[in-house]
1. Are any residues in the stretch B:73-90 surrounded by fewer than 19 Cβ atoms within 10 Å (Cβ to Cβ) and touching a Gly at 6+ places or on another chain (Cβ under 9 Å), and if so, which ones?
2. Take the stretch B:5-28 and flag every residue that is surrounded by fewer than 20 Cβ atoms within 10 Å (Cβ to Cβ) and not hydrophobic (A, V, I, L, M, F, W, C).
3. If you scan the stretch A:16-27, which residues turn out to be within 11 Å of another protein chain (Cβ to nearest Cβ) and not hydrophobic (A, V, I, L, M, F, W, C)?
4. If you go through the stretch B:85-103 one residue at a time, do you hit one that is assigned by TED's automatic domain parsing to the domain that holds B:Glu22, within 15 Å of B:Phe57 (Cβ to Cβ) and outside any helix (DSSP H, G or I)?
5. In the stretch A:56-65, what residues are without any contact (Cβ under 8 Å) to a residue 12 or more places away in the chain and more than 7 Å from chain B (Cβ to nearest Cβ)?
6. Taking the condition buried (at least 16 other Cβ atoms within 10 Å of the Cβ) and within 14 Å of chain A (Cβ to nearest Cβ), does B:Ile174 pass?
7. Residues that are closer than 30 Å to B:Glu300 by Cα and modelled with pLDDT of 85 or more: find the strands (runs of 3 or more DSSP E) completely inside the stretch B:552-670 holding 1 or more of those.
8. Got at least one residue in the stretch B:34-57 being touching a Pro at 6+ places or on another chain (Cβ under 7 Å) and modelled with pLDDT under 85?
Amino acid sequence: MSIADFKEDCFHLPPNLTVRAISAIRQEMLQLIDKNRSTTIAFADDCQVDISFVQLMEAARIYAVSAGKNIALAEPANGPVLDVLERSGFLEGMSADDATFWLHQGGIQ
Amino acid sequence: MSFPDPIAVFRTEAAELLEQIEAGLLDLNVNLGDKDRIDAVFRGLHTLKGSGAMFGFDALAAFTHHCETAFDRVRKGEVPATQALVTAVLEAKDHMRALVETPAGDHEATSEALLANLRAAVEGADNPSAAQALSAPARTLFKIRFSLPQNAMANGTNPLPLLDELRELGECRIVADRSAIPSLDLLSPTDLHISWNVELLTSQPRSAIEDVFIFVMDDMQLEITAVEAATSAARSPESRETPVQPVEPVATEPVTASASRVSAPVTVAPLPTDAKASKTSENVRVPAEKLDELMDRVGELVIAQSRLSQLAGGSGDLQLRAVSEDVERLSGELRDTMMVLRMVPVTQLFGRFRRLVHDLSHETGKMIELVTEGESTEVDKSVIERLADPLVHLVRNSCDHGLETPDERLAAGKPQAGRIMLSARQQAGEVIITIKDDGRGINRERVRAKAEASGLIPPNANLTDQELYQLIFQPGFSTAQQVTNLSGRGVGMDVVKRTIDALRGTINVASHAGQGSEISLAIPLTLAIIDGLLVRVGAGRYVIPLSAVEECLELSIEEDMRSRGRSFISLRDSLVPFLRLRDLFRTGTKPDPFQKVVVISTGSERVGLVVDQIIGDHQTVIKAMSKLHHDVATFSGATILGDGDVALILDVGHLVTEGQQQEAHLRAAG
């Protein structure tokens, strides 16, 4: 399985990834994971992000594992998403799986 | 409508910032570990640099940047605050003032020299051994665990700025705990399920950590555990062998809504920033000369009102009288408001002496403690401005001549550090400023010998202590055996006398050998408008400042005849000397049949002034006497009456002294 495969079912997130828009994103993401065996998430470089998005992605990873599905990011976290990961303490003590998912370090989850 | 020159506004603001920086540095010098002061100085430098750059003061901005950087390192705990650093930044602060005032001047050499000093001070502080020697602030490792209320995000609380604030407190390791995040299908995405574990190495107290969460503390879970205390040097890689000091075991203190600690910090929430900002916006900065201009206008209005009152009083027109009374009331209120606007607390005046004493302490090698009292006492701004120079002379004199060296003090059984107390208080329309030291006291014999040698007094003249001590204010008078750059040249004290005289004030000196000296300056609260009591003596009218008037009595012809040669009246079992102003002013007129005695006082001293008639109260706009009359001691100024005539204002202090001298002579004569 490669990133390119995931990109076929790529879910392009809206630019607003904050608590104001998070409920709608959750709903769409839930449907997407349910519908597809593998889901790839893409976000814009200049998106607005807060901790609610990071939390949502972590919840999505848990759901995907329990449902026997795959979920991945189209690109390693960068820009505002990487900034939130860093400021919120997600990068500290990151496991290998976490590093693979968020930073594309190592193999693909 | 004219708009203020932005450069002038910047200069005013810069002067205030520099004062704040200086005050912060002087406070810090007393307590080098005071984080609040370090932050305040840093903020002051930061603001000065930023505003300087904005208004084109590039040299100032560039120079201040170095000081700001030094304090940023102190703030971050990278180097400790040291006295050398404080002194270097104090000197740099003086240079910043020059860069504000004359930005185009040639400051390069001075800037370089001061920055070299600053670098040396920072490097000295950066040296681990030096840092330990100078008691670097201890740093503590805190373990913090917190979770915010579940609805925090929905309520608009963003955890990221809180985490950023924690990072600003010191070296910080933040790990998000995501173990409580549910699966996406169960997730309520606007609820917060993440908690955090933080290790923070900081010199800040626990309260600083709690302050970070002050606005969310009610519903959150916060555990703060102090693990160890260490100096910053102990944590640096170069000094790993330096033992980390264990701290007393500190119990983990979970802070919840029910914890008693929660409510207290909330009341001292970091609101001041906003509160201060909103308060500042309620103030308007007005140039001092505008206030002076307004005061002059009010003065003219008071004179015009006085004329109107006189015209209305002589007229039968009831409507005119009513209008006149309204104008009188309104002008009185306007005058009172104006006077309040001009009053400033003496703290502005006293503040500058902290630096002076700090510098004098270094120059003389003496340990000097400056204590101030009554800083909230308010005085007219023009009086404050004119008091600055005399006080500088007096404080310098106390430091140089008054206080002994630490060795001399120890030998005399005194504490090593000498003490200078500056105090202010209001008393009967006057402000009393006192400079008191606990030094060796004025050497009476040396003053007498010097005065005799200078021909100021004849040999063996019979003088009271007060009369003798007043001689130190004579031009060229100095008993110092050595001329230093501080004092001893005999210039200065006469300047004090001249200035206080010009302010219509008096100087009182008290001294006790081995115990110290006390110089009190009694100055009128205002130099502009006073409430006066208008009296007539012969054909002339005079104003007595109402604040000095205690009571008015009638002096019958019989009493007047009885008191001839004595000039005392009996006032509730005490004898009060009185002066016949008719005689004093040589009016050449016969006394009125029912003369009045106006009893005036300065503190505990009282004297009666015999006048022909008490006309009534009078708002008195004080006009200075001409240079031709500057040596007329009985009058302190003049005023224009409603009918255009001039009335002289009596100098209460001088008259009371004269009355007391008369009493002393009469007592001596038996």
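1. Correct list: B:Lys76, B:Ala84.
2. Selection gives B:Asp5, B:Pro6, B:Arg11, B:Thr12, B:Glu13, B:Glu16, B:Glu19, B:Gln20, B:Asp27.
3. A:Thr18, A:Arg20, A:Ser23, A:Arg26, A:Gln27
4. Yes: one or more hits.
5. Of everything in the stretch A:56-65, just one residue is without any contact (Cβ under 8 Å) to a residue 12 or more places away in the chain and more than 7 Å from chain B (Cβ to nearest Cβ), namely A:Val65.
6. yes
7. Once the strands (runs of 3 or more DSSP E) in the stretch B:552-670 are filtered for at least 1 residues that are closer than 30 Å to B:Glu300 by Cα and modelled with pLDDT of 85 or more, what remains is B:595-602, B:605-611, B:613-621, B:635-640, B:646-650.
8. Yes, there is a match, as at least one residue in the stretch B:34-57 is touching a Pro at 6+ places or on another chain (Cβ under 7 Å) and modelled with pLDDT under 85.
The values are calculated or read from the model by the stated rules, or taken from the named source; none is laboratory data. Because the structure is predicted, anything quoted here is derived from the model rather than measured. A quick note on method: Cβ atoms are made from the backbone with ideal geometry, for glycine too, and the neighbour counts reach across all protein chains shown.
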